[in-house]
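Notes to accompany the following structure.
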Amino acid sequence: MKNYNDKMMRKVILLAMMLMLFMRMNAAVDPNFYVYLCLGQSNMEGNAAIEAVDREYVDPRFKTLACVNFDNTTPMRTMGQWYTAYPPIVRPWTNLGIADWFGRTMVAALPSNVTVGVVDVAIGGTAIEGFMSELVVDYLKNQEQWLKDYFAAYDNDPYQRLVDMAKIAQQSGVIKGILLHQGESNNGQPDWCQKVKIVYERLLNDLGLNAANVPLLVGETVGAEYNGACSLHNTVIANIPNVIPTAHVIHSNGCPPGGDRLHFTAASYRIMGKRYAYEALRLMGKETKAQSNYAWNANQKNIYTLKTLDDNGDVYVKIGGSKALRLWGTFADGHQEDLTDEATFSSTDFTVSNGVVMGTEEKMGTVTASYTDFLGMEQSLTINIHVTDIGPNHVLVVNNGTAGTYPWDKQCNTTLKTSMTVGKTYVVKATIKADNGGGCALWPIWTTSPNRNIYGGSDDVQYLDSYNLTPSFQEFTWEFTAAFPIDKLQFVIGKISGKISFDNVSCMEKDTNTEMIVNGDFENDDLSKWEVLGYNGQSMIIGEDNTTGIRTVCVVRDDDGVYTLQGIKVGISAEWDQLPHGIYVVKGRLILK
């Protein structure tokens, strides 16, 4: 009975607020009150403990609209009203999140007559389906009670609560953008971008907004460099601008997590908040720079004040390769920050494009890295570059962790530049080693096939040979005829524990020399077309290793043969039904007998 009465009381309060909203329809809207809608899961909600520097001072020009009642807490707040944005800003008992330092950065950069407000509805642990009203009931059926309790705070419809609060906010100011940080609960799901698009377009429609004036800023999860538990999802997030033209990705490079590899530290939340703000400012055509007359709190000013650019030593590049430079800085409060995306790189000795230095010939020279901090102070660092034919050889190092149960449990995959042509023959080569040995198979896949398996993945896969890896590098070759318009290569390494190293991965149509692999020699840091299954505990980095004196292994698949998952031929297709029960590959198909 009490839960029913509580729910009814919340509805009465909401109806009263909507009535007040209707009565104020003719009230003046302040065009200098910039409102940002924020939604997502725990990293938007706020997970890191609120520290002293976060509590010291909040500019009254940074506001938060309470989206729930803050009862019996400090501060106390009433749903639907604006307050100075002291943390926590999402719900009572939440912590420091991304929106906190987004707003602080924005008001410091914008003129003194501009106010910034956030409307933040976020639920730790929710999938994107939690913001799709028609799916919430079914979504919550099998969820744990703690998540159901979080949803109850929004009357089990967080999307509608966000819309209701946004309509109240529109009576005071102008919605300038939408901030999203979500995906851990949809880790790696390829349809996530389409679902985000549905939520985004519904918000635009329900609030009468124009996409061109209200960009969507989408933050990455904890990255692979920190073995992020959901770093795989960053490969999905990277595609969001292709699905939503007004969407922009906020990178998480250099933002370490806490011990769970899911949630950022307090320092990382401040960095991510700044990055969201910098992108929002750029999209408005404004400098990522504080107003010269801004009244700073001294300790908070230190968070923005660059103390030194950090020299990480000389950089070595192999002739014919490239190297993505990375710039770090130490700030006055002691935290370190990856400044690569905000820095500029120039050189009279080398070609440098987007921070990547090209090594076309044996040479020594320098690249100058420059960075201007939020206070407008510029610093530069000279990086010594050595290009040599005996420079370090780069390889892709995949950390598999513990071995899986099945071969497909863990994979290293690469998306091709172009899809294969059905009926043509292709040759795939790869130099691979595994510290602990084990089998590696190649399973080319047509990812966009309309034929889906029971798990929602493509059912059009060619199951090629499995080779036995050793602690020494070997060059393996797979030659096969494409049965589908293959667009991705899957190196299946599920039963291997520890580290597996890849080098010189190549895919070409037979008797041609057009390479279909992006960065298969790993001589630059572009891994945008490479992935591992982060949700199964895998991570990958570019490392250095010597791959000289390798042994070559080559088998041309007999398409009429019947093979085990280990690539051992056990018969021909015409007689496969005479074999014992088991799993076989017959004409490129996985068949259970």
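The values are calculated or read from the model by the stated rules, or taken from the named source; none is laboratory data. Note that the structure is a prediction, hence the values are computed from the model and not measured. Reconstructed Cβ throughout: ideal geometry from the backbone, glycine too, with neighbour counts over all protein chains shown. The accessibility values were calculated without ligands, DNA or RNA, using every heavy atom of the protein model including side chains. Shrake-Rupley method; radii C 1.70, N 1.55, O 1.52, S 1.80 Å.
Overview of results
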item: Around residue 334: net Lys/Arg minus Asp/Glu count, Cβ-Cβ under 14 Å; result: -1
item: Separation of alpha-carbon centers, region 262-296 and region 369-416, rounded to whole Å; result: 25 Å
item: Qualifying trypsin sites (Lys or Arg not before Pro) for region 496-544 [loop in DSSP, other Cβ within 10 Å: at most 15]; result: 510
item: Overall Cα dimensions of region 41-136 - principal axes, largest extent first, Å; result: 43, 28, 24
item: If the convex hull is drawn through the Cα atoms of region 79-207, its volume per residue in Å³; result: 124 Å³
item: Estimated D of region 287-372 in µm² per second, where Rh is the Kirkwood radius over Cα pairs and Stokes-Einstein applies at 25 °C, 0.890 mPa s; result: 166 µm²/s
item: Given charges at beta-carbon only (K, R positive; D, E negative), |dipole| of the chain in Debye; result: 1620 debye
item: Coil-residue GluC sites (Glu not before Pro) of region 308-380, DSSP, other Cβ within 10 Å capped at 15; result: 361, 362
item: Cα Rg, Dmax (largest Cα-Cα span) when computed across region 435-488, Å; result: 13.8, 40
item: Extreme residue, positive dipole direction of the chain, given options 211, 455, 528 (C-beta unit charges); result: 211
item: Per-residue [θ]222 nm for the chain (sum of -39500 (n - 2.57) over DSSP H runs n ≥ 4, rounded to 500); result: -6000 deg cm²/dmol
item: Environment charge at residue 543 (Cβ cut-off 14 Å; Lys +1, Arg +1, Asp -1, Glu -1); result: -4
item: Percent accessible area from carbon and sulfur atoms, the chain, protein chains only, probe 1.4 Å; result: 51 percent
item: Among 209-221, 238-250, the order from most to least packed when residues are scored by Cβ within 10 Å on average; result: 209-221, 238-250
item: Most to least accessible of 323, 274, 424 (protein chains only, probe 1.4 Å); result: 424, 323, 274
item: Cross-link pairs 141/167; 148/195; 363/433 - those with Cα-Cα distance over 25 Å; result: 141/167; 363/433
item: Sequence of 307, 301, 433 when ordered by accessible area, the most exposed leading, probe 1.4 angstrom; result: 307, 301, 433
item: Cut-off under 5 Å, modelled amide H: who pairs with residue 441 long-range; result: 467, 492
item: Within region 387-497: Cβ-based charge dipole about Cα centre, in debye rounded to nearest 20 (Lys, Arg +1; Asp, Glu -1); result: 140 debye
item: Where labels lie 7 Å past Cα in the beta-carbon direction, separation of residue 282 and residue 213 in nm; result: 2.4 nm
item: Lys/Arg +1, Asp/Glu -1 at C-beta; region 390-507 dipole; positive extreme among 392, 493, 428; result: 392
item: Residue-normalised accessible area of region 400-531, given per residue in Å² at a 1.4 Å probe; result: 40 Å²
item: Identified option (computed Rg and Dmax of the Cα atoms in Å; candidates [x] 29.0, 106; [y] 24.3, 76; [z] 27.0, 84); result: [z]
item: Share, in percent, of DSSP beta bridges within the chain that are antiparallel, nearest 5; result: 70 percent
item: Stokes-Einstein translational diffusion, region 357-469 - Kirkwood Rh over all Cα pairs, 1.306 mPa s, 10 °C, in µm²/s; result: 82 µm²/s
item: 31 Å Cα-Cα threshold exceeded, pairs from 176/529; 63/286; 274/410; 301/499; result: 176/529; 274/410; 301/499
item: Rg over Rh [alpha-carbon atoms, Kirkwood Rh] for region 221-320; result: 1.03
item: Accessible surface ranking that places the most exposed of 261, 104, 452 first, with a 1.4 angstrom probe; result: 452, 261, 104
item: Reciprocal mean inverse distance between Cα atoms of region 301-423 - Kirkwood radius, Å; result: 17.4 Å
item: Using alpha carbons only: equivalent-ellipsoid semi-axes of region 368-421, gyration tensor based, whole Å; result: 40, 20, 17
